[in-house]
Every structure is written in structure tokens, then in C-alpha cells.
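Enquirer: Sending over a structure as C-alpha cells; questions will come in a sec.
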Amino acid sequence: MPNNFKLSCVLFDLDGTLVDTAPDLFACLNESLKKHGFPVVSDAQLKPFISYGAVVLVEECLKDKASAEEKAGVVETLLNIYEQNIVRYSVFFDGMLDVLDRIEGQGLKWGIVTNKRQRFTNPLISALNLTNRAACVVSGDTTPNPKPHTDPMLEACKRAQVSVNECVYIGDAKHDIKAGRNAKMKTLVALYGYLSPGDKPEEWGADGLISSPQQLSTWITSILCH
């Protein structure tokens with residue numbers, strides 16, 4: 001890491017990085033599957049696909065077991081159920097609240113850049129009491145293009161009133177790292193997130209690999225103490 005790097009803002013992906021939303025998503029997915037007459041699925045087989053949204057999640061779940069119309073129906077039901085049950089089981093990853101406290105205590109800003117749509121992001125952020133703490137919250141439909149496009153990253157910097165070259169973005173999917181890199185931010189992979197066995201995060205070109213939120217605190221401290 002260059003010695004002249006100045007860190008002003010830490011930006012987080014939401015699902016699989018800042019918050020463990022998988023329990024709610026899977027509970028709602030299985031409720032939707034049952035409503036449409038399909039068997040429920042196990043969390044483990046689908047967790048790697050959470051970062052890619054409900055359509056991909058249902059596609060991976062049903063594949064050749066259902067028609068396109070049936071899959072669309074499952075997706076619609078899933079989203080409607082999820083909107084009403086967005087924080088039954090979702091929790092911060094262990095140690096993440098301490099990380100946010102430490103970031104704020106060091107005089108840094110932090111924000112969220114997610115591909116989750118605003119109709120789900122905003123209620124979730126509100127329920128977790130983060131609305132007034134985050135310097136910015138950018139959802140998948142806040143800008144014309146979601147990640148891996150740079151639009152959300154640049155919008156986040158604009159809202160947080162920081163320069164892109166003073167930001168680090170942490171996410172658990174390849175498109176997160178691509179978006180951050182293309183925007184000229186520093187990037188970190190959240191290895192504790194929703195990675196699949198076939199992922200090779202060491203080849204994504206990130207500036208670091210973080211195995212826990214606590215390790216993120218160590219990385220931030222090391223940068224500030226340069």
C-alpha cells in the first residue's frame with residue numbers, strides 16, 4: 001500500500017459484508033417455494049448466490065424444475081415476503097458494530113454501496129439503526145447502473161463528500177472488487193462473506209483479503225499509522 005494513501009471513508013457492501021442477511025433471505029425463499037408447490041432448499045447450497053439477487057437465487061434453486069413463468073412467480077412472492085420480513089433473523093457479522101464504532105472514533109466516514117434495491121435497503125438500514133450513522137447509502141437502483149459499474153461508487157463518494165482515491169471498498173463478490181477498482185478505490189475482499197467454493201478472491205486484484213471484521217480494524221489502523 002502506498003505510504004501517501006490517505007483514508008477518509010470506508011465503504012461496505014451490505015449482504016455478506018456488513019450484515020448477515022442470509023437467514024432472512026432463505027426463510028423467505030423457502031416460504032415462497034412452498035407457496036408455489038416446490039420443495040424447500042438448504043442454505044448451504046445457495047448462500048454463494050445471495051450477492052447476485054433474487055432472480056439468480058431462484059434460478060439456481062429451480063433450474064430445470066420450473067418454467068420461466070413459474071420462476072418469475074416465485075421471485076415476486078419471495079420479494080413481497082422479504083419486504084415484510086426483512087430483519088427477523090439478519091444480524092451484523094460478529095465484531096462489525098465494534099468496527100463501525102472504531103471507524104467513527106478515528107474520525108473517518110463510512111457508507112454502504114449495495115446492489116440491493118432501495119425498497120429493501122432503506123428499511124433494513126433503518127431497522128439496524130444505521131440511517132443517521134452512514135455518510136451515504138447507495139442501492140442497486142439509486143444510479144442508472146449497479147455494480148460492477150462505477151456509477152454507484154462515484155455516487156457514494158459524492159454523497160459522503162470524499163474523493164475516490166481516499167476510499168476503501170470492502171465486498172464479498174468479484175463484482176464488488178471490480179466496481180471498486182474501476183472507480184480507482186482501494187478494495188478488500190470479505191472472506192467471511194458469501195463466497196462459493198469455486199471463487200478465487202486472491203485473483204480478483206484486491207488490495208487485501210479480510211477474514212473477519214476484526215481484521216478490517218487492523219487494516220485500517222495500519223493505514224492510519226503509516
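Quick note: the coordinates plus some simple rules give every number you see, no bench work behind them. None of the values given here were measured: they were computed from a predicted structure. We place every Cβ from the backbone using ideal geometry, glycine too, and count neighbours over all the protein chains shown.
Enquirer: Could you list Tyr52, Tyr194 so that the one with the fewest beta carbons within 10 Å of its beta carbon is first and the one with the most is last?
Expert: Listed from fewest to most nearby Cβ atoms, that is Tyr52, Tyr194.
Enquirer: For a bin width of 10 Å, list the pair-distance distribution of the range 22-84 built from all Cα-Cα distances, rounded to whole %.
Expert: Computed distribution, short to long bins: 25, 64, 11.
Enquirer: What aspartates and glutamates sit close enough to Lys35 to cross-link, taking a C-alpha to C-alpha distance under 13 Å and skipping anything fewer than 8 places away on the same chain?
Expert: Glu70, Glu76
Enquirer: Order these peptides, 39-45, 73-79, by their mean beta-carbon neighbour count within 10 angstrom, highest first.
Expert: By packing density, highest mean first, the sequence is 73-79, 39-45.
Enquirer: Provide Rg over Rh for the chain; use the alpha carbon set for both Rg and the Kirkwood Rh (inverse mean inverse pair distance).
Expert: Looking at the chain, the ratio lands at 0.98.
Enquirer: Mind giving me the nanometre distance, one decimal, between the label points for Glu202 and Asn85, set 7 Å out from Cα along Cα→Cβ?
Expert: 4.0
Enquirer: Hey, what did the chain get for relative contact order, percent, Cα under 8 Å, at least 6 apart?
Expert: In percent, rounded to a whole number, it is 26.
Enquirer: Under the definition of Cα pairs under 8 Å and six or more residues apart, what whole-number percent is the relative contact order of the range 141-221?
Expert: Contact order relative to length: 23 percent.
Enquirer: Here is a follow-up. Using only alpha carbon pairs under 8 Å that are at least six residues apart, calculate the relative contact order of the range 22-84 and give it in whole percent.
Expert: Once divided by the residue count of the range 22-84, the mean separation gives 41 percent.
Enquirer: Starting from the Cα of Glu31, move 7 Å in the Cα-to-Cβ direction to define the label point; list residues of the range 101-134 whose amide nitrogen is under 19 Å from there.
Expert: Residues 117, 119-128 fall inside that zone.
Enquirer: Binned at 10 Å from 0, what are the whole-percent values of the Cα-Cα distance distribution for the range 58-177, short to long?
Expert: Distribution as computed: 11, 35, 35, 13, 4, 0 percent.
Enquirer: Divide by every residue of the chain the summed helix terms, -39500 (n - 2.57) for each DSSP H run of at least 4, and state the resulting mean residue ellipticity at 222 nm, rounded to the nearest 500 deg cm²/dmol.
Expert: Taken over the chain, the calculation gives -12500 deg cm²/dmol.
Enquirer: On to the next question. When we measure straight from the Cα of Lys184, which lysines land under 26 angstrom away, once same-chain ones fewer than 8 places off are left out?
Expert: By straight Cα distance, Lys184 reaches Lys6, Lys109, Lys116, Lys147, Lys158, Lys174, Lys200.
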